[in-house]
Structure formats: C-alpha cells, structure tokens
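A.B. asks: Could you have a look at this structure, given as structure tokens, before my questions?
The values are calculated or read from the model by the stated rules, or taken from the named source; none is laboratory data. For clarity, every value in this text was computed on a predicted model and none was experimentally measured. Cβ: placed from backbone, ideal geometry, glycine included. Neighbour counts: every protein chain shown. Heads up: the accessible areas ignore ligands, DNA and RNA and are worked out on the full protein's heavy atoms, side chains in. Shrake-Rupley method; radii C 1.70, N 1.55, O 1.52, S 1.80 Å.
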Amino acid sequence: MSNCLLEVKDLVTAFTTSKGPLRAVDGVSFQVNSGELIGVVGESGSGKSLTSLSIMGLVPYPGKVVSGEIFFEGQDLLKLEEAEMVKIRGKNIAMIFQDSRVSLDPVCRCGEQIVEAIRTHEKATREEARERALELIGLVGIPNPARCVNAYPHELSGGMCQRIMIAIALSCRPKLLIADEPTTALDVTVQAQILELLDKLRHDFDMSVILITHNLGVVAGVADRIAVMYAGQIMELGDIGEILNHPMHPYTQGLIKSIPKLEVSSKRLYSISGTVPALDKMPSGCRFEQRCPEAMALCATVLPEMCVLSDGQYVCCHKYDTWRSAYE
Amino acid sequence: MNESLLQVRGLKKYFPLRAGMFSGQRGQVKAVDGVGFDVLRGETFGLVGESGCGKSTVSRLILRLCNADEGEVIFEGDNLLKLPRAAMRRRRARMQMIFQDPFESLNPRMTIGEIIAAPLEIHKTFKGSEKEKRIRELLELVGLAPDYIRRYPHEFSGGQRQRIGIARAIALNPSLVICDEPVSALDVSIQAQILNLLSDIQEAFSLTYILISHDLSVVKHMSDRIGVMYLGKMVEIAGKDDLYTDAMHPYTQALLSAIPEFDTNKKKQRVMLKGDLPSPIDPPEGCRFCTRCLQAMPECATLEPRLVEYKKGHFVACHLYPDKAAGVRDAFMRVKS
C-alpha cells in the first residue's frame, strides 16, 4: 500500500439549487495505488460518476466541489489553476465515458481524433502522431487499423467505438484511467472483450484504473479492490474477494443477495425494500437507515463513521462500532 | 399445462432499405428470418440474444404492432396474421406488453388513473365507478398506494413507473404478457423487486410470459424454457437447466461464458468471441454465425443449418450436430433414385 497514486480525502461536491446546496457526493475518501484497478460500484444517483468528474475537474454547473482534497502524485488537484489542470487532464489522467458514440466527434475521422489528443499534449509532427495513432488502434485490438484510421465513428460498431475511445485515452500514456461505465451500452460478448482489454492494457501500460459501474459482476473479474457507494457516500471499501464473499455492510449484503445467480435457482429473489432517498430529503443519520433490515435507533440520528475492520477493509455502519474500539 | 398457447412458425420480417426519398429499394434488413417456437400455457419463455438479433421485432410481430412478411402466429387457435382488424383488436385484450423504458412508455400528460384506464375504456370492460374500483385494485396489486390514481408519472421513480406499466398490462386479464427488457433500465436493488412482482402476478393470474432480455442471469431466474437468437435466426431452444448446463450451439456457449462471473474464486475459461455482429443487411451465407464461430467447418459457410430437435425438448441449429432427419431423408432419396 506504499505507492499511492491518487488520494481523495473528504470530497464534498454539491449542486446549488433553489432548495439550497444538495450534497451529491458527501465525504468520500479513498486511495488508488499505482497499477491497481479499483471498482466503484453503486446505483444511479449514488455519486459515483460525480466523484470521477470531481477528480477530473469537470463537474458540470451548477455543481461545485465544496471541500476536500484530491492528491495526485502529491499535488492537490483542487488547488490547481485551470491552465495547469488542462495539462494534467488527458495526459496524466484520462477518462472514457459510457456512450462512446456520443463522446466521439461524428464529423471527424477516428484517426484524426487520436492525433488531436497526442498533439495537444506532446510536441509531435502530424506524421509521427499519425503513426502512433495507427499503432494504438492496433493495440486496442481493432483488426484492420489502416482502414479504421480513416473511418468515421458512425461506420464502426459500438464495441469498436469504445476501443477508439480507449485508444484516445491511452494516447499520452496516462498514469490513471477513469472508465465510467465503459461496457454498459455494449452486448455481453463485446463487454467481455472490452473488460479483458482494459485488464491487459493496465498491465502493459502500468497504469491505475478506476472502473465505475453499477454491475457487481463486471468488477468481480477484473478489480483488485472495490468501493461500494450509496447516496453519495462510500459504504464499504476493501479487497474485492473479501467484500463479495463476506460483505459486512447491510447494503452490500442486500445488493449481492438481490442479484439473480446462475448457479442457484430459487423461486424468489431477495429484494431491498424502498428506494434511494431524494437528495433534498437525506436523513441526518445513516443514509441507508430507512431501507436497512438491521437499523437501530442510533442509525436514524447519528451518521456512522468509516471504521477499519482489518487491514484495508473499511465499512461505514453502526453495527461495527464496537469493532472499531477493539481494533484501536 | 403442456398445451401450447402460442405457436410461431416461419416468421419473417424484412425491412426495406431506401437510399433517398425517390430512389428505389437498395436492399433489405433481414431482421427476423424464419423464426419458429412454441410457448406453452403458464410458462415463461425467455428470448435472449445480442442487440440487433431481432428479439424485439419478434415480439412486435406477434402482437402485430408491425406486419410480418411471412409466417404464422397461432394464438389460442387462430392465426393472428390473418385476422381482420376488428377481430385482432379484440384479441389484443388477451395479449399485452410491458416495455423497457418506464420513462418513455407512460404518457407524461396523463394521470396514473387515466393511463391504467385506457385499456379498460378501449375494450369497454369496466365503466364508471366500477372502473375506478378496478384501477385502485390494480394499483394495490402491483404494490402502489391506491391514492396515486390522480398523480402524474413524473412524480414516480423508475421502479414505481415500471409497476404502473405492469398494472396497465394486466388490467384486461390477458393470458399472454410480453415483457421486453422489463428491468434493464432499473437499478439492481429495484430489479429484484420488479422480478418478484412479475413472478407473483404470474402465479396469481396464471399468466404466460415471453421474457426478452439481454441479461442471461435474469432470464435464467425467470424462465422455464429459453430461445437463443442470432441475427434474425433462432439458434437454440432448450429448457432452462438444459441450456445452462449443456449448451450445444457454439454461440450459446460463448454467450454463457461471457457473463461476468460473480464469484472471484472461480476463474472460468472464457470462450472469447472475436469481432462484432455482422450486419443484418448482408448476413453471411450458410450459418449466420460462421464468421465468428470458433468451430466453423467448411460447410458452415455455404449450407444453412436447420433447427432440429437433437434431444427431447432441446433444439439446435448447427452443423456440429448432424441433422438426423435430413440424413434419413437423403438416404431415402438416394434409394429412390
């Protein structure tokens, strides 16, 4: 756990509205070590995408990072000027988005889009950049790079577009890649290809990856650690095998139980009752309290703190308050 | 239990492709190309496949939301594709659909009461106070408060809207409900609620479902029998357990192994498919899967395999499994000549 690449500390991102500030990300802290793939899992509205946009400095108006620190290689990104951030964004930290067809420029040839990314950050002639683009397209597993360089995005399938997105993201050899639901819009067979590719590339390029998804199955095969988010907060954080096999937080337990499994066939699925509370109606205590089968009186009023269960395993629940005192 | 409620035979739909307004037909998209299957009364028939394989088109053809080019859809004894309009309209009360996107399938300018009342009014089954009573009853049935009757769709979450869609679908006591990706727009924790609700309703009203989904674990959980489609063709039909333990078609095998594995302890050997789905405008000759198939043989590129019953209740269309019936027929022809 020595070489920490990115450290997010108590990040709060809020939207200013007529109802007052709505804290969509509320006190999120985690670390990303070099070379690791960390999965961020959560339902829609849990703040997982906003967390990544906060890291990139791309929070859309009227949202704003209210407090917290984001250290990337020892530098607090939130204190940087926009001009300095531009140099980091796309070069050291790159991002791929969910819908690659929307994210690519429809009137610009694929190769050109990669060339543009390279020439923005590096001194390279058009020819050099073009050669690199060709090489990158081959690297992301596109069968006929020479043809693809000159193709427009609409000529390619969804999976191919996502590969082009990955090629653009990799063009400047980033140290951190944020993949926001990279496979949600794709079919299962193509999803498996893209996940395999991401896993291979992170070893080849020696980069860290933050993989954001709502599907626990997607991260299970590739991630080293996961963070489970709910309503803007991290509920559980730790080693993937540990969390999937022995979930500690009632939310994670419910989430895992509610997924239909291939091996087991039972008539009824476990389901978490109720829905995620609206942002302006967040309870003052634990945010999961209303839906939690094990809620105690304390949960309704006091916000639980992140506590350390064992080395590297964290959980945010009052059930384990006694564990914390024991560990300390 | 074992009688079929719906029989689909040789269903075909080609969409014409035109280059411009005045130019002629340039080609056609073979969206559904000779699909046949049976749905038994009281069962859930799962239909899986990648996007563009024609599973949604099949469901639209069954309901005659678009007209088939060829084939038969026999529902409760009648060929739906030959029914006159008025009779078809009456028949639609017996077959309903639940749509994928609960945000787009409810009219935002109608109240919940009006939305659920629409089928009742069209088919004139309930009137006046009785109608309102029925709507309240339906709302309660799908787990919503009866007082929601005067509210508008925007006041509800995705899961609640899907419940409204379900209430609308069962309002007329149908016998067949087609669920087109009923949970793919919902969060995991809500998904389970809706799937449980669908099972409960199926049991209470002895409904027959056709469940269309790309999520193989959802299909496995819900279905009794499953049909796998690829590029407008049915490639395999089998009972749920049979399909998941003993998939025969190479495409089904690849599809099953591509499911993200939940258990981290067990690293499974993936059958990784190369490339993407070919275009349905110009599908490969012979077996449509031959361009991506790992076990393709020379004859796969030229000869189209037929869907044959290889084991009891297990149909597969693949040259790996020799067509016994065809073998007998060929031998017979040889003897005759």
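A.B. asks: With the structure loaded, tell me whether B:Gly42 is under 12 Å from the mean Cα position of the chain (by Cα) and either closer than 17 Å to B:Leu255 by Cβ or surrounded by fewer than 18 Cβ atoms within 10 Å (Cβ to Cβ) (or both) or whether it fails that test.
C.D. replies: Details: under 12 Å from the mean Cα position of the chain (by Cα): no; either closer than 17 Å to B:Leu255 by Cβ or surrounded by fewer than 18 Cβ atoms within 10 Å (Cβ to Cβ) (or both): yes.
Judged against the criteria, B:Gly42 is not a match.
A.B. asks: So, one more: Looking for whichever is open to solvent by less than 10 Å² (accessible area, probe 1.4 Å) and more than 8 Å from every other protein chain (Cβ to nearest Cβ) here; the options are A:Leu186, A:Leu197, A:Leu201. Which one fits? Explain how you work it out, then say what you get.
C.D. replies: Numbers: A:Leu186 fails: open to solvent by less than 10 Å² (accessible area, probe 1.4 Å); A:Leu197 fails: open to solvent by less than 10 Å² (accessible area, probe 1.4 Å).
Only one candidate qualifies: A:Leu201.
A.B. asks: Quick check on segment B:129-137. Is at least one of its residues touching a residue at least 40 places away in the same chain (Cβ under 8 Å) and open to solvent by 10 Å² or more (accessible area, probe 1.4 Å)?
C.D. replies: So the first thing to find is which residues in segment B:129-137 are touching a residue at least 40 places away in the same chain (Cβ under 8 Å), and the list is none.
So far as segment B:129-137 goes, no, none of its residues is touching a residue at least 40 places away in the same chain (Cβ under 8 Å) and open to solvent by 10 Å² or more (accessible area, probe 1.4 Å).
A.B. asks: Can you tell me which residues in segment A:290-324 are more than 20 Å from A:Asp10 (Cα to Cα), assigned to a loop (DSSP other than H, G, I, E, B) and aliphatic (A, V, I, L, M)?
C.D. replies: If the condition is that a residue be more than 20 Å from A:Asp10 (Cα to Cα), assigned to a loop (DSSP other than H, G, I, E, B) and aliphatic (A, V, I, L, M), then A:Ala295, A:Met296 are the ones that fit.
A.B. asks: So the check is Cβ under 6 Å with 6+ separation or different chains; which pairs have a first residue in segment A:26-43 that's free of Cβ contacts under 8 Å to residues at least 40 places away in the same chain and a second one that's of a type outside the set (Phe, Trp, Tyr) and surrounded by fewer than 23 Cβ atoms within 10 Å (Cβ to Cβ)?
C.D. replies: Hits for this filter: A:Gln31/A:Cys4; A:Gln31/A:Glu7.
A.B. asks: Which number in (1) among the polar types (S, T, N, Q); (2) buried (at least 22 other Cβ atoms within 10 Å of the Cβ); (3) over 25 Å from A:Gly217 (Cα atoms) marks the one condition that B:Ser206 misses?
C.D. replies: So B:Ser206 meets the others, but not (2).
A.B. asks: Considering every residue within segment B:117-136, establish whether at least one is among the hydrophobic types (A, V, I, L, M, F, W, C) and closer than 30 Å to B:Val48 by Cα.
C.D. replies: We begin by selecting, within segment B:117-136, every residue among the hydrophobic types (A, V, I, L, M, F, W, C); these are B:117-118, B:120, B:122, B:126, B:135.
Next cut, closer than 30 Å to B:Val48 by Cα only: none.
Checked segment B:117-136: no residue is among the hydrophobic types (A, V, I, L, M, F, W, C) and closer than 30 Å to B:Val48 by Cα.
A.B. asks: Here is a further query. Would you mind telling me which numbered condition in (1) surrounded by 23 or more Cβ atoms within 10 Å (Cβ to Cβ); (2) within 11 Å of chain B (Cβ to nearest Cβ) A:Ile166 fails?
C.D. replies: (2)
A.B. asks: If a residue counts only when it is among the basic types (Lys, Arg), which strands (runs of 3 or more DSSP E) contained entirely in segment A:8-80 have at least 1 such residues?
C.D. replies: Details: elements: A:20-33, A:37-42, A:63-72.
Counting at least 1 such residues, we get A:20-33, A:63-72.
A.B. asks: For segment A:96-115, how many residues meet the condition of being open to solvent by 50 Å² or more (accessible area, probe 1.4 Å) and either small (Gly, Ala, Ser) or touching a residue at least 40 places away in the same chain (Cβ under 8 Å) (or both)?
C.D. replies: Keep residues of segment A:96-115 that are open to solvent by 50 Å² or more (accessible area, probe 1.4 Å), which gives A:97-99, A:101-103, A:105-107, A:109, A:112.
Remaining after also requiring either small (Gly, Ala, Ser) or touching a residue at least 40 places away in the same chain (Cβ under 8 Å) (or both): A:97-99, A:101, A:103, A:105-107, A:109.
Residues flagged as open to solvent by 50 Å² or more (accessible area, probe 1.4 Å) and either small (Gly, Ala, Ser) or touching a residue at least 40 places away in the same chain (Cβ under 8 Å) (or both) within segment A:96-115 amount to 9.
A.B. asks: Among the residues of segment B:100-110, count how many are under 11 Å from B:Ile164 (Cβ atoms) and either modelled with pLDDT of 95 or more or among the hydrophobic types (A, V, I, L, M, F, W, C) (or both).
C.D. replies: Selection size over segment B:100-110: 2.
A.B. asks: Out of everything in segment A:204-222 that is more than 12 Å from chain B (Cβ to nearest Cβ) and in a loop (DSSP other than H, G, I, E, B), what residue ends up being nearest to B:Val188 (Cα to Cα)?
C.D. replies: Across segment A:204-222, the extreme among qualifying residues is A:Met207.
Residue-wise test of (1) touching a Ser or Thr at 6+ places or on another chain (Cβ under 6 Å); (2) at pLDDT below 80; (3) assigned to a loop (DSSP other than H, G, I, E, B).
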residue	(1), (2), (3)
B:Val219	yes, no, no
B:Val228	yes, no, no
B:Ile237	no, no, no
B:Leu256	no, no, no
B:Glu285	no, no, yes
B:Gln295	no, no, yes
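A.B. asks: Would you call A:Pro145 open to solvent by 10 Å² or more (accessible area, probe 1.4 Å) and either more than 27 Å from A:Glu73 (Cα to Cα) or touching a residue at least 60 places away in the same chain (Cβ under 8 Å) (or both)? Lay out the reasoning, then the answer.
C.D. replies: Details: open to solvent by 10 Å² or more (accessible area, probe 1.4 Å): yes; either more than 27 Å from A:Glu73 (Cα to Cα) or touching a residue at least 60 places away in the same chain (Cβ under 8 Å) (or both): yes.
Spelling it out, A:Pro145 is indeed open to solvent by 10 Å² or more (accessible area, probe 1.4 Å) and either more than 27 Å from A:Glu73 (Cα to Cα) or touching a residue at least 60 places away in the same chain (Cβ under 8 Å) (or both).
A.B. asks: Against the conditions (1) among the polar types (S, T, N, Q); (2) buried (at least 17 other Cβ atoms within 10 Å of the Cβ); (3) out of contact with any strand residue (DSSP E or B) (no Cβ under 9 Å at 6 or more places or on another chain), where does B:Ser51 fall short? Just the number, please.
C.D. replies: Among (1) among the polar types (S, T, N, Q); (2) buried (at least 17 other Cβ atoms within 10 Å of the Cβ); (3) out of contact with any strand residue (DSSP E or B) (no Cβ under 9 Å at 6 or more places or on another chain), the lone unmet condition for B:Ser51 is (2).
A.B. asks: Hey, any hits in segment A:245-253 for a residue that's open to solvent by 10 Å² or more (accessible area, probe 1.4 Å), over 15 Å from the mean Cα position of the chain (by Cα), of a type outside the set (Phe, Trp, Tyr) and at positive phi?
C.D. replies: No, segment A:245-253 contains no residue that is open to solvent by 10 Å² or more (accessible area, probe 1.4 Å), over 15 Å from the mean Cα position of the chain (by Cα), of a type outside the set (Phe, Trp, Tyr) and at positive phi.
A.B. asks: Tell me the residue from A:Val222, A:Val276, A:Val228 that is open to solvent by 40 Å² or more (accessible area, probe 1.4 Å) and in contact (Cβ under 8 Å) with a residue 40 or more places away in the chain, please. Step through it out loud before you land on a result.
C.D. replies: Working: A:Val222 fails: open to solvent by 40 Å² or more (accessible area, probe 1.4 Å); A:Val228 fails: open to solvent by 40 Å² or more (accessible area, probe 1.4 Å).
Exactly one residue qualifies, and that residue is A:Val276.
One line per residue, one yes/no per condition, for (1) in a strand (DSSP E or B); (2) touching a residue at least 40 places away in the same chain (Cβ under 8 Å); (3) of a type in the set (A, V, I, L, M, F, W, C):
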| residue | (1), (2), (3) |
| --- | --- |
| A:Ala117 | no, yes, yes |
| A:Gly138 | no, no, no |
| A:Arg163 | no, no, no |
| A:Ala169 | no, yes, yes |
| A:Ala179 | yes, yes, yes |
| A:Leu197 | no, yes, yes |
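A.B. asks: State which residue is most open to solvent (accessible area, probe 1.4 Å) when the search covers only segment A:1-35 and only residues that are in contact with a Phe, Trp or Tyr (Cβ under 6 Å, 6 or more places away or on another chain) and closer than 16 Å to A:Leu237 by Cα.
C.D. replies: A:Glu7
A.B. asks: Go through segment A:140-161 and give me each residue that's under 23 Å from A:Asn92 (Cα atoms) and assigned to a helix (DSSP H, G or I).
C.D. replies: If the condition is that a residue be under 23 Å from A:Asn92 (Cα atoms) and assigned to a helix (DSSP H, G or I), then A:Cys161 is the only one that fits.
A.B. asks: Within segment B:206-242, which residues are hydrophobic (A, V, I, L, M, F, W, C) and within 11 Å of chain A (Cβ to nearest Cβ)? Step through it out loud before you land on a result.
C.D. replies: Filtering segment B:206-242 for residues hydrophobic (A, V, I, L, M, F, W, C) gives B:207, B:210-212, B:216, B:218-219, B:222, B:226, B:228-229, B:231, B:234-235, B:237-238.
Hits for segment B:206-242 are B:Leu216, B:Val218, B:Val219, B:Met222.
A.B. asks: Among the residues of segment A:72-95, how many are open to solvent by less than 50 Å² (accessible area, probe 1.4 Å) and basic (Lys, Arg)? If you could, list the steps in order and put the result at the bottom.
C.D. replies: In the first step, residues of segment A:72-95 are kept if they are open to solvent by less than 50 Å² (accessible area, probe 1.4 Å); the result is A:72, A:76-77, A:80, A:85, A:88-90, A:92-95.
From what is left, the residues that are basic (Lys, Arg) are A:89.
Residues in segment A:72-95 being open to solvent by less than 50 Å² (accessible area, probe 1.4 Å) and basic (Lys, Arg): 1 in total.
A.B. asks: Say we look at segment A:120-134 and pick out the residues that are part of a helix (DSSP H, G or I) and within 27 Å of the chain's Cα centre (by Cα); which of these is nearest to the other protein chains (Cβ to nearest Cβ)? I'd like the intermediate steps shown before the answer.
C.D. replies: Going through segment A:120-134, the residues part of a helix (DSSP H, G or I) turn out to be A:120-121, A:126-134.
Now restrict to residues that are within 27 Å of the chain's Cα centre (by Cα): A:120-121, A:133.
Working: A:Thr120: 30, A:His121: 31, A:Ala133: 21 Å.
Ranking the qualifying residues of segment A:120-134, first place goes to A:Ala133.
A.B. asks: Taking into account only those residues within segment B:64-87 that are crowded, with 20+ Cβ neighbours inside 10 Å and touching a residue at least 40 places away in the same chain (Cβ under 8 Å), which is nearest to the other protein chains (Cβ to nearest Cβ)?
C.D. replies: B:Ala68
A.B. asks: For segment A:223-267, give me the residue count where each residue is more than 9 Å from chain B (Cβ to nearest Cβ) and part of a helix (DSSP H, G or I).
C.D. replies: The total comes to 5.
A.B. asks: Could you figure out which of (1) without any contact (Cβ under 8 Å) to a residue 40 or more places away in the chain; (2) within 11 Å of chain B (Cβ to nearest Cβ); (3) surrounded by fewer than 24 Cβ atoms within 10 Å (Cβ to Cβ) isn't true of A:Arg173?
C.D. replies: (2)
A.B. asks: State yes or no: is B:Lys12 within 17 Å of the chain's Cα centre (by Cα), surrounded by fewer than 18 Cβ atoms within 10 Å (Cβ to Cβ), closer than 30 Å to B:Asp282 by Cα and among the basic types (Lys, Arg)?
C.D. replies: Values: within 17 Å of the chain's Cα centre (by Cα): yes; surrounded by fewer than 18 Cβ atoms within 10 Å (Cβ to Cβ): yes; closer than 30 Å to B:Asp282 by Cα: yes; among the basic types (Lys, Arg): yes.
Judged against the criteria, B:Lys12 is a match.
A.B. asks: Can you spot a residue in segment B:171-184 that is open to solvent by 20 Å² or more (accessible area, probe 1.4 Å), facing chain A (nearest Cβ under 8 Å) and more than 16 Å from the chain's Cα centre (by Cα)?
C.D. replies: Scanning segment B:171-184, I find no residue that is open to solvent by 20 Å² or more (accessible area, probe 1.4 Å), facing chain A (nearest Cβ under 8 Å) and more than 16 Å from the chain's Cα centre (by Cα), so the answer is no.
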